[in-house]
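K.L.:
For reference, the structure I am asking about is given below.
The values are calculated or read from the model by the stated rules, or taken from the named source; none is laboratory data. Computed from a predicted model, the values in this text were never measured in an experiment. Neighbour counts run over all protein chains shown; Cβ positions are idealised from the backbone, glycine included. These accessible areas exclude ligands, DNA and RNA; they are computed on the full protein's heavy atoms, side chains included. Shrake-Rupley method; radii C 1.70, N 1.55, O 1.52, S 1.80 Å.
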Amino acid sequence: MIKQLFIFFSLAVGTCIFAQSSDEKGLANQITKLESAKKTEDFQQSRDYFATYVNNLARGTQTKKEDWRAYYYTALSIIRGQITSQREGNVQNIDETSALAEKYIGGIFVKNPNNAEANILLSQIYVLKSSNNPTGSADNLAKANEYLTKAASADKNNPRIDVIKGEIAFNGGDKELAKKYFNSASGKFKTYSKKSSLDPNWGKEDIEYYLSIIK
């Protein structure tokens, strides 16, 4: 009887480990697709995948601190899709889009209250808001800087901090300062090590974009 229980327990544990490994592999594959996405529909596909992943987590009995990435990449898919649309000249309802992204980011803070990447993404949202609302631009950029300060307290060498600082300077009209931040971010990307293969890696394409239009 004891032997049978041991076998059953071993099979159950093995199944759980396999399922977890399979989930992480699927997550990694979709992250790769998101990082190479170029079109609005590509970001929508990523958003749908990650949102479904989050919903599956919500139905589970327990979430882990590591599960923050599913929430993060859902929000990132939304924001990157918005950025792509904006650069293509398509104006969308940024307030509605950002509210949805912020909802998913809120899920990160439940178990990761000082998550640097989440604060950086919140800063990115407020930079987007500033570019679509000239009258409230100063307030939105101040809010963006506030979230960057929080991010820096947890991960000061994160290159995405300087990427967003560059965007803030650019939107504020200081192109020389923007260029300084983008070059700084580019240098940091060469030495910055991600804590996990599933952690964010975006930002280099933004540096290339802004340096190409700064005259």
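K.L.:
With an 8 Å cut-off on Cα pairs and a minimum separation of 6 or more residues, tell me the relative contact order of the chain in percent.
P.N.:
Details: 216 pairs, mean separation 31.0, N = 215.
About 14 percent, as a whole number.
K.L.:
Next question, about the same structure. According to the square roots a ≥ b ≥ c of the eigenvalues of the Cα gyration tensor, what is the shape class of segment 96-209, taking rounded for a/c under 1.5, prolate for a/b larger than b/c otherwise, and oblate for the remainder?
P.N.:
oblate
K.L.:
If you don't mind, another one. If you take the beta carbon distance between Lys179 and Glu88 as r and set R0 to 22 Å, what does 1/(1 + (r/R0)^6) give as a FRET efficiency, to the nearest 0.05?
P.N.:
The formula returns an efficiency of 0.40 here.
K.L.:
In debye, nearest 20: dipole of segment 30-132 around its Cα centre with unit charges on the Cβ of K, R (+) and D, E (-)? Intermediate values should be presented prior to the final figure.
P.N.:
Numbers: 13 positive and 11 negative charges, 45 e Å.
Approximately 220 debye in magnitude.
K.L.:
Still on this structure, please answer the following. Would you please give the FRET efficiency between Ala142 and Lys38, computed as 1/(1 + (r/R0)^6) with r the Cβ-Cβ distance and R0 = 45 Å, to the nearest 0.05?
P.N.:
0.90
K.L.:
I would also like to ask the following. Mind telling me which of Leu57, Leu128, Leu141 comes out most flexible in a GNM of the chain, alpha-carbon contacts under 10 Å?
P.N.:
Highest fluctuation among the options: Leu57.
K.L.:
Additional query: Could you tell me which label, among [x] 17.8; [y] 19.9; [z] 18.5, carries the value of Kirkwood radius over Cα pairs in Å calculated for this structure?
P.N.:
[z]
K.L.:
Let me ask something additional. What FRET efficiency comes out for Asn55 versus Ser197 if R0 is 30 angstrom and r is the Cβ-Cβ distance? Round to the nearest 0.05.
P.N.:
0.80
K.L.:
What residue among Ala75, Ala28, Ala118 shows peak mean-square fluctuation when the chain is described by a Gaussian network model with Cα springs under 10 Å?
P.N.:
Among Ala75, Ala28, Ala118, the largest GNM mean-square fluctuation belongs to Ala28.
K.L.:
Please arrange Thr84, Thr135, Thr191, Thr40 by accessible surface area, largest first, computed with a 1.4 Å probe and ligands excluded.
P.N.:
Sorted by accessible area, descending: Thr135, Thr191, Thr40, Thr84.
K.L.:
Could you give the dipole magnitude of the chain about its Cα centre, charging the beta-carbon of Lys and Arg +1 and that of Asp and Glu -1, in debye to the nearest 20? It would help to have the intermediate numbers written out before the result.
P.N.:
Numbers: 29 positive and 24 negative charges, 111 e Å.
Magnitude of the dipole: close to 540 debye.
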